[in-house]
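A.B. asks: Once you've had a glance at the structure underneath, I'll fire off some questions.
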Amino acid sequence: MTSRAGELSARSSVLRVRRQRAIATGLGAVVIFFLGVMALVFANFGSQGSGIALLVLLGAIGAAALRPIAGVFAIVFLGLMGDGETSAWFPFAKNLSSKESLLYVSDGLPLSPLEILVVITVLLWLIELFSTPGGRLVKDSLLTATAAFTGFVVLGFVVGIAGGGDIRVALFEGRAMLVLFPMYLLIINLCDRRALRALAWTAIAAIFVNALFALLYLRQLSPQKLEGLEALGDHTAATHWNMIIVLTLVLFLYRAGSRSSRFVMLGLCVPTLIVYSAAQRRSAVIGLVVALGIVVLALWWRDRAKFLVIAPVLLLLGVGYTAAFWNSTSSAGFPAQAVKSVISSTGPTEKDRSSDQYRDMENFDINYTIRSAPVLGIGFGQKFYRPIPLPDISFFEFYEYIPHNSILWVWIKTGFGGFLSMLMMLGLAVRVGARNLVNARDDTDAAFALVGVAFVFMFAVFAYVDIAWNSQNMVLLAVAFALCSSKVARTAPRAASASVERPLTKAR
């Protein structure tokens, strides 16, 4: 009887291995076909200027073929470096249909190298997973929440296109949101604690390179253009630069990382703050204020004595600064004006007041659209309803499809289920990250968990007032989710030094 059971078990194992190999072979064929199509496309349409960029893309694909985790690092680094304004030529987050990109191929290819690399890396990882005996999928509650949100995004495509929506517009609107789930899936399956820290540093390095691109762009402007400069870089760029500022503060406050890493981050802040002040993004400043408040508040659990000293001082300085620059329109007073825009109903300049008025009208139209289609929404590729006609800002082609409020926009496009799943996903990330922050015995683990939580808050603040669901934000949000993740925290070895235990003792 035992012999018979053993024979059946062995046969089952053999069949399972054969099935895994068959799946891996099929996925390999898909990858080969995909690469063949890419080769034909670039051979027929690629320009000479795309040579270096194409080699970098192929090198990233080759690295992912050797080790899928290398593909993840390439996605994060190459995806976060570029900017639509200050480095419009940088191709990896731009469509192959973007004529300013080094990898411009054709007007009919609304697909970016970043998205290509994500798809290929996922396929290569699945091949490795299914071809390895005993390979298993790692998942957690945050992955489930992200999958649910992605499912409602797919439903938004079905609803919108089935209702006669514009397919090209639908792809522009929503396809970047599909990057979040596969990126988070890859990170939690391929990264242990050390690799995740390295990935976070890679993201910071890419964001800093983006700041250097912006600084170079700033230096090349003529005095006349420099004097009339009202903003710098894409709207999301300043929110990404916030990460450098927040991480620097966290490392010093929590004495996390090495001394050299703390002072390197301090050095990175210098050029970053220059371009940050030139960008003048109110939403980024408000997000930074919220993030700094969270960083200080977290000291209550990690080092209560330090909290009782730092929190009152920062509060007094913040209130004093805001009061001193309440009516100032200078660059030095811009953060105060950003705070004032939240507290007061009147902006400091005519431009700010006009922008606020436009958003008020837009929000009325958004709420009208939600009431008109509260359950399923209108889907991607459909214009939101405008009972109050909006001023013509047709320099942005999709202004009738994508409003500034990216939180309520999710309800418009994916219905109530998509809106609820988004709130649950972001809320779960904060909950898991906060729990790991409190429980972490290693200060560096706590610091990175806090940075992850801070970015989730900054993203939510930014999304409430501006267009947020682009591929670069999805890549960085996936990294932030992983920094928050309980899965990563469970695999991390716990330190046991007295110096690490000290903050927890003070917090009791």
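A.B. asks: Would you calculate the separation in nanometres between label points at ALA162 and PHE395, each defined as 7 Å from the Cα along the Cα-to-beta-carbon direction?
C.D. replies: 4.0 nm
A.B. asks: Hey, if you put +1 on the Cβ of every Lys and Arg and -1 on every Asp and Glu Cβ in segment 137-507, which of TYR321, CYS269, ALA238 ends up farthest toward the positive end of that dipole?
C.D. replies: The residue sitting most towards the positive pole is CYS269.
A.B. asks: Right, here's the next one. Rounding to the nearest 20 debye, state how big the charge dipole of segment 137-507 is about its Cα centre with +1 on each Lys and Arg Cβ and -1 on each Asp and Glu Cβ.
C.D. replies: Numbers: 32 positive and 22 negative charges, 287 e Å.
For segment 137-507, the charge dipole is close to 1380 debye.
A.B. asks: Hey, can you grab everything whose amide H is under 5 Å from the amide H of LEU111? Only 5+ residues off in sequence or another chain; H modelled, so Pro and N-termini drop out.
C.D. replies: Correct list: LEU96, SER97.
A.B. asks: Spelling out what I want: for every residue of segment 206-216, take phi, set θ = phi - 60°, compute 6.51 cos²θ - 1.76 cosθ + 1.60 (Karplus), and round to whole Hz; glycine and proline get x.
C.D. replies: Once rounded to whole Hz, the list reads 5, 5, 5, 4, 4, 5, 5, 4, 5, 5, 5.
A.B. asks: How many angstrom lie between the Cα centre of segment 414-458 and the Cα centre of segment 358-376?
C.D. replies: Between the Cα centres of segment 414-458 and segment 358-376 lies a distance of 28 Å.
A.B. asks: Further question on the same structure: Once Lys and Arg get +1 and Asp and Glu get -1 on their Cβ, which of TRP300, ASN470, LEU428 lies farthest toward the positive end of the dipole of segment 137-507?
C.D. replies: Comparing the listed Cα positions along the dipole, TRP300 ranks first.
A.B. asks: Which one of ASN439, GLY417, TYR401 is farthest out on the positive end of the charge dipole of segment 389-447, using unit charges on Cβ (Lys, Arg +1; Asp, Glu -1) and the Cα centre as origin?
C.D. replies: About the Cα centre, the residue reaching furthest to the positive side is ASN439.
A.B. asks: Can you give the FRET efficiency for ARG359 and SER131, using 1/(1 + (r/R0)^6), R0 = 45 Å, r = Cβ-Cβ distance, to the nearest 0.05?
C.D. replies: On the way: r = 52 Å, r/R0 = 1.15.
Taking R0 as 45 Å, the efficiency between ARG359 and SER131 is 0.30.
A.B. asks: For the pair LEU423/ARG194, report the inter-label distance in nm, with labels modelled 7 Å from Cα in the Cβ direction.
C.D. replies: Modelled inter-label distance: 4.3 nm.
A.B. asks: Hey, another quick one. Taking the Cβ of ASN405 as the centre, find all other residues whose Cβ is under 11 Å away and add up their charges (Lys, Arg: +1; Asp, Glu: -1). Write out the running numbers ahead of the final one.
C.D. replies: Details: positive: ARG359; negative: ASP360, GLU362, ASP365, ASP466.
Summing Lys and Arg as +1 and Asp and Glu as -1 gives -3.
A short reminder: the numbers here are calculations on the coordinates, not readings from a lab. It should be emphasised that the depicted structure is a prediction, and the values quoted were computed from it without experimental measurement. Quick reminder, even Gly has a Cβ in these numbers, built from the backbone with ideal geometry, and neighbours come from all protein chains shown.
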